[in-house]
Structures are given as C-alpha cells and as structure tokens.
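Reading through the structure tokens given below for one structure.
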Amino acid sequence: MQNKVVRNLRDQASVLGSLVVGVVVWQVIVDYGIIPSFLLPAPTEIVAAIFSSRVNWWANIFATLREAIAGFVLGTALGLLLAVAVTASGIVRKIVMPYIVAIQVLPMVAIAPIIYILVGFNDLSRIILTSLLSFFPVVVGTATGLADVDVNLVYLLKSLGASESLIFYKVRLPNSLPHLFVSLRIAITGATVGAIVAEFVSSNIGLGFLMTTALTSFNIDLTYAAGFILTVIGLLLYGLVEGVGRASMPWFRRR
Amino acid sequence: MADLVSLKDVSKSYTAITGEVVEAIRGVSFDMHEREVLTLVGPSGCGKSTILRLIAGVEKPSSGSIERRAAEGKFVVGYIFQDSSLMRWRTVYGNIKLPMEILGKKGAEAKIPELVKLINLEGFEKAYPIELSGGMQRRVAVARALVHDPSVLLMDEPFTGVDEITKEILQTELNFVIRSLKMTGVLVTHDIEEAVYLGDRVLVLSAHPGRIVEEITVDLPEIREPVIKTEERFTRYTKEIREKLNLLHPLRLSRRPTDAPA
C-alpha cells in the first residue's frame, strides 16, 4: 500500500517535472530570441494575456464547454445505439457502416456548410457538428466490445436457457465497457476539437471564436492564451472520462 | 442406475469459412448413467468438445438423436471450460452466483459459502479473476458449474494449460467434489492419464471425424489419490487406451532427424 502511494507520487512528480522543464525551455527559447515572440509568445506573456485582456473568459469557456459536452453526449448516445444495431444485425451493419465511415472521412469544414444550411446558424448546428466527431469511435469501439466476447460464456448462458437479450445484458454489455471507455476518451477529445472548429466557422462566442478573432487582429498572445485554456479544458475532460472509466471498472484497473 | 443422456447415431458437420463442409463426429452413440463419470479421450480435432456442446443443447446434431433426462426436475448442465471462462467483471462470488441468476433460483445463495469452502477459496469471495492464479480460477469455474445442482457436469479439458503439479492437485480435488456430491459428469480430455484418473468409463475416439473406437470400464475406487497413477492396474488402462489410439507403434513421421536411431 505504502509502495503504491510512493509509486503514484513518483509518477505524478515525473509528469510535473517534465512539464516544468518543457515550460522553462520554452521560456528560454523565446527570451533568447531563438524564436521571435510574435510567432511564439513566452509562457509568461500567455499568462499575462489571460489576466490582462478584457475578455470574459468564463462566458467563452462556458460556451465551448456547453457545445463540447452536448455534442459528446449526443454523439455517444447515437454511437451506442448504432453499435448495438450493427452488432445485432449483419444486414444493418452492411447498410449503415458505409454511411458511418463516409461521415467520418469527410472533412468537418465540408460538412459544416450543409449542417448550417439545414439547421441554421445556431447552437444546435454546432452541437450536431461536434457530435459527428464523437460518435464514430463510440460506434466502432463499442461494436467491437459487444461482438468480441468469450464464446464459452455465450455457450454457458445458452446451456442454462438464457435468451439473446439476457446474454447481451450479462455478457456483451459488460464485456464492451473497456472498449467503450477507450472510445469515450477519443470521443471527448474529438468533441472539444469539434466545438472549436464549429466556432471557427460560425459563432460569436466561445474559445474557437476568440482564437479566430484574436488571430485576425494579430493578437498572438491572446490566441495562445485561448489555446492554452482550451488545452487545459481538453485535459480535464479527458481526465474526467478516464476517472469515470476507472471507477466503473475496478476489475480492469487492477490489471 | 438410469441413463441421463442417450446419444443415438449422432453426427455433426460444420461449414468452414472456406465453404467446405467439415464432419466433426460421425455415428456416435452412448448412454450416460446416473452418478457415473464418463471420459471422452481422443486426438485434437476429433469432435470431443462438439459432443459436449450437443449434450448441453447449444448446438443441434446434423443427424441422429439426443435424449436428456433429469433425475429430479428440469435437465440442466454445469459447464467447465478449458480456460475457466470467468466473467472478469465479476468477483469470485458473482461468478459462482451466475447460473442461479440465469435460472432465476432465488435464495439459493446460501449454498455459495459452502462451495467456496469446498474449493478452498475462503477469503477470496470479493476478488476479481485477474487477482487469482490460474489454479484458483479453475476452482471458481468448478464451483460455478456446481452451484445450481446440475443434472450433468460437462468438463471440456478443464486443466489444459495448468502446470503438472497444480493439475494433479486440481484433478484430485475435482474427483473428490464430484464423488462427494454424487454428480454425473462427462469429461473431455486428450490427456490419457486424466481420462483414467477421473473416469468410470472411457470412450476412445478416433481422429476426425470422431467415432467411438473403444469403450473401457475403469474399475478403480471412486475416491482416488495421485499415487494410484503409479499402480499397475492404472497403467494397464492407460496402455490399453494408447493401444487403441495407435500410440504404441512407431509413429510414421514424414522426416526423421538424420542422427535418429534406425
């Protein structure tokens, strides 16, 4: 137990240490003019931009978070439904999968105008765009977990007279959890990117909007400041999903 | 003693991925008597596991018939697989309890502590399979197969992949549990010693398509200890099985090492 605590502390310290070293190197590179600060502002300049600008950070953070989380929830729900459908029926898989892959391989900037024309320039269109980046990993990951089960467990339940729905509930669903949480970690980062890109294309608030407006006015410090906050949000959301996964699967964490 | 399972001229074929029809077993007939342990021994791919799946009712025969009767109530099997096949998301207790959940047997949980004690896993009830050794996982699989008082216990190479020492211990424990609970069982194995050690009757199967080529009645005490494997009466049975499997003649190898004795 004590060893585990020491190991955890050592791991945390090494992560923090590498971060500090990275930031110091970055600062030195800019301070010594190796890279000019108008291209890459120093960490101190970025922090200063966060506190000195008149930007309402909370409003922008809330707007981006709302879109990212709503898109993530919508994409995950859609992904789960599709995963169950493609696992349950070979016909559905053959019909639906090409469309799912087609949506995934199309660049978001190509889909965005269609969504905006269909739904309008509003929150819903941005949430739909965000969900498109979330649902694909959920479909693929969950479908793999639902299908890739120990066949002996299926035999065992069948020999006891279990129905397909009971086998789904008792075997396939819990078996898919590790795959699902890997997918959700990819989906939450996809949702964050999706929200930002949606704001690039059409929005008057949010970190993506802030980054575009700051960039067009050559306010490089503010662009990086928004990017830094976005990174922190992305890491926190990723950590949250990972934490939920660990709490839901104690049997997997002990591996 | 009554027959619990009767197979009459059963054959089973599968369609392979290539589209080719593969005959797994051909014209297999035998009866399983109550409280007897029947062992099926034969080379890999001779359809031993297929026979178990047919008895369990998870597959249907291509031809022939299978009759199942329970000594009491509904016919239900207990199933042990070669790699334990535990649910990794369930604790030891949850895994053992599973058949009762499927069968809707409420209140039967009271039996679990007794079974946990019988398989020497007291104190590990809350452990997950990943936290157990291979031998402990096999014990949990045995308890899961027994918890619902099955009519017949099906054992599909239950100790494959276990080291020799652990295997002997597990075999002895399993034999003790089966005999103590007066179970009827069918064990599939490619281990000739195991077939004799655990069985009352050994059915020797040919290479695929599997057919019964010999039936040997094992006249040994019900409760067996590893020392019995060194006795002449035991080796007589194993020799007879090897004979039927053509293992006592020089093997026709396609290529011998150049320095091998002629």
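The values are calculated or read from the model by the stated rules, or taken from the named source; none is laboratory data. Because the structure is predicted, anything quoted here is derived from the model rather than measured. Ideal geometry is used to build each Cβ from the backbone, glycine not excepted, and the neighbour counts take in all protein chains shown.
Listing for the model above:
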| read-out | value |
| --- | --- |
| Conditions (1) in contact with a Lys or Arg (Cβ under 6 Å, 6 or more places away or on another chain); (2) of a type outside the set (Gly, Ala, Ser); (3) away from chain B (no Cβ under 13 Å); number of the one not met by A:Ile196 | (1) |
| Pairs where the first residue, in segment A:125-154, is within 14 Å of chain B (Cβ to nearest Cβ) and the second is among the aliphatic types (A, V, I, L, M) and not in a helix (DSSP H, G or I), C-beta under 8 Å, 6+ apart | A:Leu153/B:Met87 |
| Pick from segment A:15-47, criterion within 28 Å of the chain's Cα centre (by Cα) and part of a loop (DSSP other than H, G, I, E, B), ranking: surrounded by the most Cβ atoms within 10 Å (Cβ to Cβ) | A:Pro41 |
| Segment B:143-170 residues that are closer than 15 Å to B:Glu193 by Cβ, paired with ones that are part of a loop (DSSP other than H, G, I, E, B) (beta carbon under 6 Å, 6 or more apart) | B:Glu157/B:Gln82; B:Thr160/B:Gln82; B:Lys167/B:Phe159; B:Leu170/B:Phe159 |
| Filtered residues of segment A:164-177 (kept if of a type outside the set (Lys, Arg) and facing another protein chain (nearest Cβ under 10 Å)) | A:Leu166, A:Ile167, A:Val171, A:Leu173, A:Pro174, A:Asn175, A:Leu177 |
| Residue within segment A:215-223 that is within 26 Å of A:Thr44 (Cβ to Cβ), hydroxyl-bearing (Ser, Thr, Tyr), touching a residue at least 12 places away in the same chain (Cβ under 8 Å) and crowded, with 20+ Cβ neighbours inside 10 Å present | yes |
| Check on A:Leu180, within 14 Å of another protein chain (Cβ to nearest Cβ) and either crowded, with 21+ Cβ neighbours inside 10 Å or without any contact (Cβ under 8 Å) to a residue 60 or more places away in the chain (or both) | yes |
| Selection count, segment A:213-245, where residues are closer than 15 Å to A:Trp57 by Cα and of a type in the set (Ser, Thr, Tyr) | 4 |
| Neighbours by Cβ (under 6 Å, 6+ apart or cross-chain): first from segment A:71-86, closer than 13 Å to A:Ile128 by Cα; second surrounded by fewer than 19 Cβ atoms within 10 Å (Cβ to Cβ) | none |
| Residues being of a type in the set (Lys, Arg) and closer than 26 Å to B:Ile130 by Cα - total across segment B:67-119 | 5 |
| Residue under evaluation B:Arg256, criteria (1) at pLDDT 90 or above; (2) out of contact with any strand residue (DSSP E or B) (no Cβ under 7 Å at 6 or more places or on another chain), criterion not met | (1) |
| Among the residues listed as B:Val116, B:Val142, the single one being among the hydrophobic types (A, V, I, L, M, F, W, C) and either at the interface with another protein chain (Cβ under 10 Å from one of its Cβ atoms) or within 16 Å of A:Leu153 (Cα to Cα) (or both) | B:Val142 |
| Residue in segment B:50-64 that is touching a residue at least 24 places away in the same chain (Cβ under 8 Å), away from every other protein chain (no Cβ under 14 Å) and under 26 Å from A:Glu164 (Cβ atoms) present | yes |
| Selection within segment B:80-111 - part of a helix (DSSP H, G or I), touching a residue at least 24 places away in the same chain (Cβ under 8 Å) and more than 10 Å from chain A (Cβ to nearest Cβ) | B:Val92, B:Tyr93, B:Asn95, B:Ile96, B:Lys97, B:Ala108, B:Lys111 |
| Among the residues listed as A:Thr76, A:Thr87, A:Thr64, A:Thr130, the single one being closer than 21 Å to A:Ala191 by Cα, in contact with a Leu (Cβ under 6 Å, 6 or more places away or on another chain) and surrounded by 15 or more Cβ atoms within 10 Å (Cβ to Cβ) | A:Thr64 |
| Qualifying residue in segment A:96-105 (condition: over 30 Å from A:Pro174 (Cβ atoms), modelled with pLDDT under 90 and not in a loop (DSSP other than H, G, I, E, B)) | yes |
| Residue ID - surrounded by the most Cβ atoms within 10 Å (Cβ to Cβ), chosen from residues in segment B:45-83 that are of a type in the set (Gly, Ala, Ser) and in contact with an Asp or Glu (Cβ under 8 Å, 6 or more places away or on another chain) | B:Ser49 |
| Filtered residues of segment B:1-21 (kept if surrounded by fewer than 18 Cβ atoms within 10 Å (Cβ to Cβ) and touching a residue at least 60 places away in the same chain (Cβ under 8 Å)) | B:Ala2, B:Asp3, B:Ser6 |
| Unmet criterion (only one of (1) touching a Leu at 6+ places or on another chain (Cβ under 8 Å); (2) within 14 Å of chain B (Cβ to nearest Cβ)) for A:Gly190 | (2) |
